[in-house]
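Working notes, structure below.
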Amino acid sequence: MTLNGSAILADLDRLVAGMTGLKHDGRFHEPNLDGTAGDYISFDSWEWPQGVGLYGMIRLWQITGRDDLKVMIEAWYDRQIAAGLPGLNVNTTAPMLGLSVLWRQTRDPRWKAPLDQWADRVMAEMGRTEEGAFEHHVSDKVNDGELWDDTLYMVALFLASYGQASGRRELVDEAARQFLVHARYLCDIETGLWFHGWTFNGRHNFARARWARGNAWITAGILDLFDLATLPQPIKDFLLGVLTAQVNALLPLQAASGAWRTLLDDPTSYEETSATAGIGYGLLKGYRLGLGTPAWREAGLKAVEFVMRNIDETGTVLNVSYGTRMGHDLQFYRDIPIQPTGYGQALSILCLSEALSHVDARVAAA
């Protein structure tokens with residue numbers, strides 16, 4: 001496949017249509033703590049897949065300047081806020097990341113109060129573990145004493161983004177602290193990859209799963225953190241070292257197809273598109289920011305090719321693993337079903353949007 005900007009833009013149009021057209025088909029039911037059904041699939045729902053999806057579309061709007069995207073995104077937030085926001089937890093914080101990026105660019109007064117109120121509640125009410133890390137409490141389960149990779153993308157990036165934009169330095173500092181404490185317990189010092197989770201109840205990393213999408217949240221998340229907020233130099237240097245160690249472990253594990261497997265170091269597990277898109281996005285962004293080597297860019301472009309091969313004619317991203325709870329054995333991860341999701345669309349949008357900064361130069365040099 002020869003990549004070019006026109007092909008990527010065409011796929012991005014399809015991805016947005018696929019994102020906004022997703023509907024819950026009844027196959028999966030996520031009961032929330034209040035007994036209502038949680039919808040991790042349809043676009044018109046306030047949860048973490050939709051939150052990551054909105055962030056991806058806002059990034060695409062920033063790159064392309066497409067007014068139709070801005071209008072659609074603002075209408076989504078208007079509807080949701082008017083209807084009343086759900087209870088606070090890690091996953092319901094995810095849509096606030098996109099809203100913070102939208103507000104920092106437009107300064108629309110509609111969004112200031114919801115952002116301030118949610119940030120205040122995160123700081124005061126979010127459950128915490130030892131050493132002050134956010135517990136991974138979600139809509140359908142209270143995971144006492146547990147740290148998950150996902151929390152950094154769903155909560156810490158929002159605090160960093162809104163704190164930087166609003167001048168609330170305490171929010172940026174909290175985001176940095178979360179990355180540091182999570183790195184302490186989730187980063188595998190033997191390989192540089194990250195485990196899915198850690199529990200203080202028994203003090204272990206569950207199945208010690210080096211889960212691909214969890215690692216994608218880290219590759220993308222550290223680079224988005226650098227992009228969204230100004231960090232003290234020692235903290236930025238530390239996280240860059242963590243990221244570089246992770247990427248050095250990821251590159252040899254990329255399959256010939258350009259994909260990474262859902263268990264990164266398990267050749268029997270399936271190739272997975274959302275993780276590949278998230279890792280590819282991070283690698284390309286890291287190279288563009290001058291933080292990575294040409295090998296990062298080449299691996300990122302191979303990931304783009306894989307993602308583009310896994311977008312169907314309706315714009316739906318294929319071979320995406322469904323929302324993944326904490327596994328207590330590795331077979332659990334091998335058995336996660338395939339299901340189109342908002343985060344599959346979103347991570348692919350992020351990946352292909354970032355690729356626009358790279359592909360034309362490669363084609364011209366060919």
When the residues of segment 155-193 are filtered to those that are over 19 Å from the mean Cα position of the chain (by Cα), among the hydroxyl-bearing types (Ser, Thr, Tyr) and part of a helix (DSSP H, G or I), which remaining residue is surrounded by the fewest Cβ atoms within 10 Å (Cβ to Cβ)?
SER166
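Any residue in segment 194-210 that is aromatic (Phe, Trp, Tyr), at pLDDT 95 or above and farther than 22 Å from GLY127 by Cβ? Talk me through it step by step, then tell me what you get.
Going residue by residue through segment 194-210, those that are aromatic (Phe, Trp, Tyr) are 194-195, 198, 200, 206.
Imposing the further condition that a residue be at pLDDT 95 or above reduces the set to 194-195, 198, 200, 206.
Among the residues that remain, those that are also farther than 22 Å from GLY127 by Cβ are: none.
No - not one qualifying residue is present in segment 194-210.
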Enumeration of residues in segment 65-99 that are part of a helix (DSSP H, G or I) and polar (S, T, N, Q):
GLN80, ASN91, THR92, THR93
Return the pairs, sorted by first residue and then second, in which the second residue is of a type in the set (D, E, K, R) and surrounded by 15 or more Cβ atoms within 10 Å (Cβ to Cβ), the first residue lies in segment 328-350 and is in a helix (DSSP H, G or I), the beta carbons are less than 7 Å apart, and the residues are 6+ apart or on different chains.
LEU330/ASP266; LEU350/ARG59
Are any of the residues in segment 307-319 part of a loop (DSSP other than H, G, I, E, B) and under 22 Å from ASP149 (Cα atoms)?
yes
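Within segment 204-211, identify whether any single residue is part of a helix (DSSP H, G or I), in contact (Cβ under 8 Å) with a residue 40 or more places away in the chain and within 17 Å of GLY280 (Cα to Cα), and answer yes or no.
No, segment 204-211 has no match at all.
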Given the conditions (1) in contact (Cβ under 8 Å) with a residue 60 or more places away in the chain; (2) over 22 Å from LEU15 (Cβ atoms), which single one is not true for GLN246?
(1)
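Looking only at segment 60-111, count how many residues are of a type in the set (A, V, I, L, M, F, W, C), touching a residue at least 60 places away in the same chain (Cβ under 8 Å) and under 15 Å from TYR162 (Cβ atoms). Walk me through how you get there before you give the answer.
Just the residues of segment 60-111 that are of a type in the set (A, V, I, L, M, F, W, C), to begin with: 60-61, 63, 69, 71-73, 75-76, 81-83, 85, 88, 90, 94, 96-97, 99, 101-103, 111.
Of the ones still in play, those that are also touching a residue at least 60 places away in the same chain (Cβ under 8 Å) are 60, 63, 90, 94, 96-97, 101, 103.
Applying the additional criterion that residues be under 15 Å from TYR162 (Cβ atoms) yields 94, 96-97, 101, 103.
Result for segment 60-111: 5.
For segment 326-358, which positions are under 15 Å from LEU12 (Cα atoms) and surrounded by fewer than 20 Cβ atoms within 10 Å (Cβ to Cβ)? Step through it out loud before you land on a result.
Of segment 326-358, the ones under 15 Å from LEU12 (Cα atoms) are 342-357.
Scanning segment 326-358 gives LEU356, SER357.
Go through segment 114-148 and count every residue that is part of a strand (DSSP E or B), within 15 Å of LEU180 (Cα to Cα) and touching a residue at least 24 places away in the same chain (Cβ under 8 Å).
We begin by selecting, within segment 114-148, every residue part of a strand (DSSP E or B); these are 128, 134, 138, 141, 146-148.
Imposing the further condition that a residue be within 15 Å of LEU180 (Cα to Cα) reduces the set to 128, 134, 147-148.
Filter once more, so that each one left must be touching a residue at least 24 places away in the same chain (Cβ under 8 Å): 134, 147-148.
Final tally of qualifying residues: 3.
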Across segment 1-47, what is the number of residues that are at pLDDT below 90, within 21 Å of the chain's Cα centre (by Cα), not in a loop (DSSP other than H, G, I, E, B) and not small (Gly, Ala, Ser)?
3
Identify all residues within segment 226-251 that are of a type in the set (Val, Ile, Thr) and under 25 Å from THR262 (Cβ atoms); write none if there are none.
VAL242, THR244, VAL247
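Suppose the filter is at pLDDT below 90, of a type in the set (D, E, K, R), exposed (fewer than 15 other Cβ atoms within 10 Å of the Cβ) and over 23 Å from CYS351 (Cβ atoms); does ASP67 pass it? Spell out how you get there, then give the answer.
Details: at pLDDT below 90: no; of a type in the set (D, E, K, R): yes; exposed (fewer than 15 other Cβ atoms within 10 Å of the Cβ): yes; over 23 Å from CYS351 (Cβ atoms): yes.
Judged against the criteria, ASP67 is not a match.
The values are calculated or read from the model by the stated rules, or taken from the named source; none is laboratory data. Since this is a predicted model, take the numbers as computed values, not measurements. Quick reminder, even Gly has a Cβ in these numbers, built from the backbone with ideal geometry, and neighbours come from all protein chains shown.
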